[in-house]
Amino acid sequence: ILSSHERSLIRKTWDQAKKDGDVAPQVLFRFVKAHPEYQKMFSKFANVPQSELLGNGNFLAQAYTILAGLNVVIQSLFSQELMANQLNALGGAHQARGATPIMFEQFGGILEEVLAEELGSTFTAEARQAWKNGLAALVAGIAKNLKKSEDLADPQTKLTPHQIRDVQRSWENIRNGRNALVSSIFVKLFKETPRIQKFFAKFGNVAVDSLAGNVDYEKQVALVADRLDTIISAMDDKLQLLGNINYMRYTHTERGIPRGPWEDFSRLLLDV
């Protein structure tokens, strides 16, 4: 919680800094320059060369929108209710864009640098500390409505780092018994939908209850179990994961196996 003195320092220094119309563009420019990947989050100037940003109308409009939003928050410092409402609104507005708390922390660090340059000796050690505390409170308030980076899904794999870790940890617990696991899934799958067994020519006509011990069946089980192990182990390496999936797609295209059996296998795997 900020002290009354800290709030006063923040408001006073902010009122001085915002008189310079160049503060907002400089903060946003340095932000995207330091973190080029974030520029892609602003669709209206995502592909504008950085050397042209400070003269781009869409970039400047965004910079002054940020300035206005920050100004509203600072003017609300002396009302906890207003402040909470403003931070909730900011968090909600940025959640859909995939913004994370770390992005706001990085933005705050750059804002602090620009303020120090702009205000010079007026930006005392006491004022700087007040801003540090204020920005920490700002990030904490906004973060309540934001997803952490570990909860953001990759646009290609549709997986979050958190999900990947959960899958890999769960798999590690059953990994040593993966052959038996896959075999039990196959047996259930073949009993549920007998026609699926026909996709495996070498044991397509073997009675389900007689599959255990069949050489061709055991080879297939081991192959699937190892492939599953490879895919799950590589889930945290997107390129390798996508490569494994594409390889699976390529090697199974000729068999003409429809989507259904894959979904059924996945369902039974999740039931384990």
Practice task
Could I have the simple spin-label model distance between Q80 and S184, label points 7 Å from Cα toward Cβ, reported in nm to one decimal?
Solution key: 5.3 nm
Practice task
Calculate, in nm to one decimal, what N214 and R259 gain on full extension: separation in residues at 0.36 nm each, minus their alpha carbon distance.
Solution key: 13.5 nm
Handout entry: Options (i) 25.7, 88; (ii) 18.5, 54; (iii) 27.9, 86 - which one matches Rg and Dmax of the Cα atoms in Å as calculated here
Key = (iii)
Handout entry: On Cα atoms only, tilt of 57-75 relative to the major axis of the chain in degrees
Key = 70 degrees
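From the helices alone, meaning DSSP H stretches of at least four residues, give me the mean residue ellipticity at 222 nm for the chain, per-run term -39500 (n - 2.57), in deg cm²/dmol to the nearest 500.
-21500 deg cm²/dmol
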Problem - Neighbour net charge for F203 - beta-carbon separation under 11 angstrom, K R +1, D E -1 - result: +1
Fill in the blank from the handout: The helix 80-95 Cα axis meets the longest alpha-carbon principal axis of the chain at an angle in degrees, between 0 and 90 and rounded to 10, of 40 degrees
Completion exercise
Of the listed links K12/K40; K188/K219; K191/K238; K19/K132; K40/K238; K12/K44, those spanning more than 23 angstrom between alpha carbons are K12/K40; K191/K238; K12/K44
Practice task
For helix 161-174, report the angle its Cα long axis makes with the longest principal axis of the Cα atoms of the chain; keep it between 0 and 90° and round to the nearest 10°.
Solution key: 30 degrees
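Give the peptides 126-138, 210-222 in descending order of average Cβ contacts within 10 Å, highest first.
Result, highest mean Cβ count within 10 Å first: 126-138, 210-222.
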Fill in the blank from the handout: Applying the gyration tensor rule to the Cα atoms of segment 4-147 (axes a ≥ b ≥ c; rounded if a/c under 1.5, else prolate if a/b exceeds b/c, else oblate), the class is oblate
Handout entry: Proximal charge balance of L111 [Cβ under 12 Å; K/R count +1, D/E count -1]
Key = -1
Practice task
Could you please state, rounded to a whole Å, how far the C-alpha centre of segment 208-272 is from the C-alpha centre of segment 63-125?
Solution key: 49 Å
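Read-outs: derived from the displayed coordinates by stated rules, not from any lab. The shown structure was predicted, so the numbers you read here are calculated from the model rather than taken from an experiment. Backbone-built Cβ (ideal geometry, glycine too); neighbour counts: all protein chains shown.
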